[in-house]
Structures are given as structure tokens and as C-alpha cells.
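Accompanying notes for the structure given below.
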Amino acid sequence: MPQSRGGSNHRDNLALACHRCNERHYNFTSGLDPQTQVEIPLFNPRQQQWSNHFIWTKDGIKVLGTTSTGRATCNRLDINDERRDEPSIQIARRLWVTAGWHPPESDPRL
């Protein structure tokens, strides 16, 4: 729960996030699943496992939501920079893949 909505700053209520994702998350706790058009709670890394809701494309460049939670989170955070003129996160991920740093071995891929 975001501090602005009554959440605490205790470490159990915090999650590590890059600046970009933190800004896009803002104080939202839900997002629209583009497949069902239903408002769904966003992925909570403290309570849910990433691999149950997301998968990487085969090339490791895009994150795909495999559940309503995953799709709503990808949509709310524009996690693949698909609504921007320059998809900087895809460019960065491509470089990380080339360097062998990404995606994590434990993460599922298509």
C-alpha cells in the first residue's frame, strides 16, 4: 500500500524498483486488464511470485502478462515502453541480453 494511501515506510511495505517503474506505479494499486477490461490489483512482489504472472518474450526484450494481474501490471506501468515514441527500456534490455545479463535464468521465457 503506497504511503500516500495510508501505507507505512516499513521495509515490509517497500519493494525495490527502478526510478522509471516507481514513477509509473505512483500510488496506483490496481490497473485495467486490457484483455478483460476489468480493474485488477497490481502485482505485489511481497505476496506474489513473478513467474506466476509474467513471462519474457523469447528474445528477452518484452515482459508479457500471463494472468489478469500480469496484464494489468504491464498495462498500468507500460512496462515495455509501448506507449512512448522511443522504447528506451526495450533498447536497454536488448543491450543487457547481448551482454548476457538478462533476463534472469530463473525467469520463464516463451
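Table for the structure above
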{"item": "Unmet criterion (only one of (1) surrounded by 19 or more Cβ atoms within 10 Å (Cβ to Cβ); (2) of a type outside the set (Asp, Glu); (3) free of Cβ contacts under 8 Å to residues at least 40 places away in the same chain; (4) touching a strand residue (DSSP E or B) at 6+ places or on another chain (Cβ under 8 Å)) for residue 41", "result": "(1)"}
{"item": "Unmet requirement for residue 36, which otherwise passes all of (1) modelled with pLDDT under 85; (2) more than 25 Å from residue 92 (Cβ to Cβ)", "result": "(1)"}
{"item": "Criterion (farther than 20 Å from residue 105 by Cβ, surrounded by 14 or more Cβ atoms within 10 Å (Cβ to Cβ), among the charged types (D, E, K, R) and at pLDDT below 90) met by exactly one of 76, 84, 24", "result": "24"}
{"item": "Complete set of residues in the stretch 45-94 that are assigned to a loop (DSSP other than H, G, I, E, B), in contact (Cβ under 8 Å) with a residue 24 or more places away in the chain and in contact with a Phe, Trp or Tyr (Cβ under 9 Å, 6 or more places away or on another chain)", "result": "60, 62, 79"}
{"item": "Residue in the stretch 83-91 that is out of contact with any helix residue (DSSP H, G or I) (no Cβ under 7 Å at 6 or more places or on another chain) and small (Gly, Ala, Ser) present", "result": "yes"}
{"item": "The one condition in (1) modelled with pLDDT of 95 or more; (2) small (Gly, Ala, Ser); (3) in contact with a strand residue (DSSP E or B) (Cβ under 7 Å, 6 or more places away or on another chain) that residue 30 fails to fulfil", "result": "(1)"}
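The values are calculated or read from the model by the stated rules, or taken from the named source; none is laboratory data. The shown structure was predicted, so the numbers you read here are calculated from the model rather than taken from an experiment. So basically every Cβ, Gly included, is an ideal-geometry build from the backbone, and we count neighbours across all protein chains shown.
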